[in-house]
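**Q** Sharing a structure below in structure tokens format, with a few things to ask.
The values are calculated or read from the model by the stated rules, or taken from the named source; none is laboratory data. Everything numeric in this text was worked out from a predicted model, so none of it was measured. Cβ coordinates were reconstructed from backbone atoms using ideal geometry, including for glycine residues, and neighbour counts include every protein chain displayed. Only protein heavy atoms, including side chains, enter the accessible area calculation; ligands, DNA and RNA are left aside. Shrake-Rupley method; radii C 1.70, N 1.55, O 1.52, S 1.80 Å.
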Amino acid sequence: MKISIFGLGYVGCVSAGCLARLGHQVIGVDVSETKVALINSGRATIIENNIDELIESAQKSGKLEATTDSKKAVLNTDVSIICVGTPSSKTGHLNLEYIYKVAKDIGLAIKNKYTFHVIVIRSTILPGTDNVVAKIIEDVSGKQKNIAFGMVSNPEFLREGTAVRDYMNPSFTLIGSESEAALNIVEKMYKGLEAPVIKTDLNVAEFMKYVNNTFHALKVTFSNEVGNICKVLNVDSYKVMEILCMDKKLNLSSYYMKPGFAYGGSCLPKDLRALNTLARDNYLDVPVISSIARSNELQKQKVLDIIISKNKKKIGILGFSFKEGTDDLRESPIVDVVERLIGKGYDIKIFDKNVFISNLTGTNKEYIEKKIPHLQNLITDDIKYVIENSDVLVITNKEKEIKDVLMEEKLVAVNYASGSHESYSECGNSELEDKIIIDLVRMDEAEKNIAEYDGLCW
Ligand SMILES: NC(=O)c1ccc[n+]([C@@H]2O[C@H](COP(=O)([O-])OP(=O)(O)OC[C@H]3O[C@@H](n4cnc5c(N)ncnc54)[C@H](O)[C@@H]3O)[C@@H](O)[C@H]2O)c1
């Protein structure tokens, strides 16, 4: 494949060497004549393990050359990869001037190009940037996105120091686009790498680098705060973190990593309070750990705000304990939301098949008696009753009964769509038809329902 690479800095130099090694014909483009001259004399533009040999052999074999002439580079290639810098502006925003300049250069070049051209943004950019770049290219070239050219987001995850190894052995290659044709071309470009290619939405790909890097930063600061607490307690922080990382089921796993409602229950809130208090007693500032509970409270407030925004007074809560399959109400986040709704005069009905007031004992009973003493009058195990008597339904867990009702409704929706009206009565009542659903757990069965649907953070 013939590939032009805009920007011969860290990412561009490594990409150029590695893509040439994968067998492609590469033209590097940079505004710096020094960098162009370095590449054309077989030398890398950066200091990095294994890069010198890679660039030297690519240039010697005729697979790699460089130029300052962007037009020539675009006209002689099928794919252009943008690797220019995206530094922070003084206000902390992204400075996209280099990206936009390259977009103009590419637009000017493809004005005179009559084969499909793929533009890949490898630089780190925020969601929406590909579309702005496409608009610039459209304006300058007079050509249309997805017809004359396609945009692909392909974030770079390499680490300096191990950049070549990371490039050749990534966890995966991520590509996002609105154009299937462009996606397929870029997928082919990475043929030869062992790693799987993940194809996704354009804006998902654009966002991933930020989420990854924020998560990495969070892991570093969390580990440091745990270490600081360990030190004052004379506990070996390395042993602690080593054991934490050994749990691949709950700790280093996708468990707990789904956007949705607040955490709750008898352990997490209590144990976080204890750890924060311990840190405070030892005069330790742990801003990451101490802001977790505040973030959790904000998520409850968000649910309350969404419910209030619907301007309906009759609210049905589907699921009341802190998670499905239990009757434990202690610090269940929805209990807090309901308590506040009651305070505001809302008419509440609650379905939970596991919670029977007469069976509650111990601290669970004490907790709910303090919070909502008249719960008996609000709660039932009859989901249909709650649905019938509510305008807004809040789904808080994935209990089978809740799924079943939503599945029934989906069937009705499908039959309506296919015009098969007769089967309406066989498939259940369209009970949810005029309801508003607020989904806190992203239940697939709810999302495509005929009712007005609102997800908590999706
Ligand atoms: N360095 C890393 O480890 C790393 C890792 C992943 C992602 N990224 C991202 O990749 C992007 C590039 O980072 P980098 O470290 O390679 O930057 P860099 O500053 O090392 O290189 C950018 C290059 O682009 C060139 N350039 C600027 N304007 C140009 C134009 N109009 N035409 C052609 N070339 C032009 C510059 O001369 C420079 O050589 C950034 O968005 C960065 O956030 C960097």
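**Q** Could you please let me know if Ala262 is part of a loop (DSSP other than H, G, I, E, B) and of a type in the set (A, V, I, L, M)?
**A** Working: part of a loop (DSSP other than H, G, I, E, B): yes; of a type in the set (A, V, I, L, M): yes.
Yes: the conditions hold for Ala262.
**Q** I would also like to ask the following. Restrict the check to segment 194-209 and report whether at least one residue is over 19 Å from the mean Cα position of the chain (by Cα) and closer than 25 Å to Ser15 by Cα. Break it down stepwise before answering.
**A** Just the residues of segment 194-209 that are over 19 Å from the mean Cα position of the chain (by Cα), to begin with: 194-195.
Filter once more, so that each one left must be closer than 25 Å to Ser15 by Cα: 194-195.
Yes, that holds for at least one residue.
**Q** Are any residues in segment 1-29 open to solvent by 20 Å² or more (accessible area, probe 1.4 Å) and touching a strand residue (DSSP E or B) at 6+ places or on another chain (Cβ under 7 Å), and if so, which ones?
**A** Correct list: Met1, Lys2, Gln25.
**Q** Quick check, is Asp139 more than 13 Å from the ligand (Cβ to nearest atom), of a type in the set (Asp, Glu), assigned by TED's automatic domain parsing to the domain that holds Ala181 and over 17 Å from Glu178 (Cβ atoms)?
**A** Values: more than 13 Å from the ligand (Cβ to nearest atom): yes; of a type in the set (Asp, Glu): yes; assigned by TED's automatic domain parsing to the domain that holds Ala181: yes; over 17 Å from Glu178 (Cβ atoms): yes.
Criteria met by Asp139.
**Q** If you don't mind, another one. Which ones in segment 30-50 are in contact with a Ser or Thr (Cβ under 9 Å, 6 or more places away or on another chain) and of a type in the set (Gly, Ala, Ser)?
**A** Ser32, Gly42
**Q** Let me ask another. Checking Lys113 against (1) in contact with a Phe, Trp or Tyr (Cβ under 9 Å, 6 or more places away or on another chain); (2) in a helix (DSSP H, G or I); (3) more than 10 Å from the ligand (Cβ to nearest atom), only one condition comes out false. Which one?
**A** Lys113 satisfies all of (1) in contact with a Phe, Trp or Tyr (Cβ under 9 Å, 6 or more places away or on another chain); (2) in a helix (DSSP H, G or I); (3) more than 10 Å from the ligand (Cβ to nearest atom) except (2).
**Q** Among (1) outside the structural domain of Asp439 (by TED's automatic domain parsing); (2) at pLDDT 95 or above, where does Cys267 come up short?
**A** Among (1) outside the structural domain of Asp439 (by TED's automatic domain parsing); (2) at pLDDT 95 or above, the lone unmet condition for Cys267 is (2).
**Q** Mind checking which pairs have a first residue in segment 334-350 that is part of a loop (DSSP other than H, G, I, E, B) and a second that is open to solvent by 10 Å² or more (accessible area, probe 1.4 Å) and not β-branched (Val, Ile, Thr), Cβ under 6 Å, 6 or more apart or different chains?
**A** So the pair list comes out as Tyr346/Lys313.
**Q** Right, next: I'd like the full set of residues that are touching a helix residue (DSSP H, G or I) at 6+ places or on another chain (Cβ under 6 Å), of a type outside the set (Lys, Arg) and either within 10 Å of the ligand (Cβ to nearest atom) or farther than 19 Å from Ser70 by Cβ (or both), limited to segment 101-110.
**A** Let us first name the residues in segment 101-110 that are touching a helix residue (DSSP H, G or I) at 6+ places or on another chain (Cβ under 6 Å), namely 103-110.
Those still in the list that are of a type outside the set (Lys, Arg) too: 103, 105-110.
Of everything in segment 101-110, those that are touching a helix residue (DSSP H, G or I) at 6+ places or on another chain (Cβ under 6 Å), of a type outside the set (Lys, Arg) and either within 10 Å of the ligand (Cβ to nearest atom) or farther than 19 Å from Ser70 by Cβ (or both) turn out to be Ala103, Asp105, Ile106.
**Q** Only one of Val133, Val120 is in contact with a strand residue (DSSP E or B) (Cβ under 8 Å, 6 or more places away or on another chain), farther than 30 Å from Glu48 by Cα and within 14 Å of the ligand (Cβ to nearest atom); which? It would help to see each step written out before you state the result.
**A** Working: Val120 fails: farther than 30 Å from Glu48 by Cα.
Answer to the check: Val133.
**Q** Just to confirm my filter: which helices (runs of 4 or more DSSP H) fall fully inside segment 121-189 and include at least 2 residues that are surrounded by fewer than 17 Cβ atoms within 10 Å (Cβ to Cβ)?
**A** Working: elements: 129-141, 163-168, 180-189.
Counting at least 2 such residues, we get 129-141, 180-189.
**Q** Of the residues that make up segment 222-229, is at least one surrounded by 13 or more Cβ atoms within 10 Å (Cβ to Cβ), aliphatic (A, V, I, L, M) and farther than 24 Å from Asp78 by Cβ?
**A** yes
**Q** I would also like to ask the following. State all residues of segment 210-257 that are within 19 Å of the chain's Cα centre (by Cα) and not in a loop (DSSP other than H, G, I, E, B); if no residue qualifies, say none.
**A** Taking segment 210-257 as the starting set, the residues that turn out to be within 19 Å of the chain's Cα centre (by Cα) are 210-219, 251-257.
Across segment 210-257, the qualifying residues are Tyr210, Val211, Asn212, Asn213, Thr214, Phe215, His216, Ala217, Leu218, Lys219.
**Q** Being touching a residue at least 24 places away in the same chain (Cβ under 8 Å) and within 16 Å of the ligand (Cβ to nearest atom), is that true of even one residue in segment 178-187? Full working, then the answer.
**A** Here is the first cut: in segment 178-187, the residues touching a residue at least 24 places away in the same chain (Cβ under 8 Å) are 178-179, 181-183, 185-186.
Subset that is within 16 Å of the ligand (Cβ to nearest atom): none.
Scanning segment 178-187, I find no residue that is touching a residue at least 24 places away in the same chain (Cβ under 8 Å) and within 16 Å of the ligand (Cβ to nearest atom), so the answer is no.
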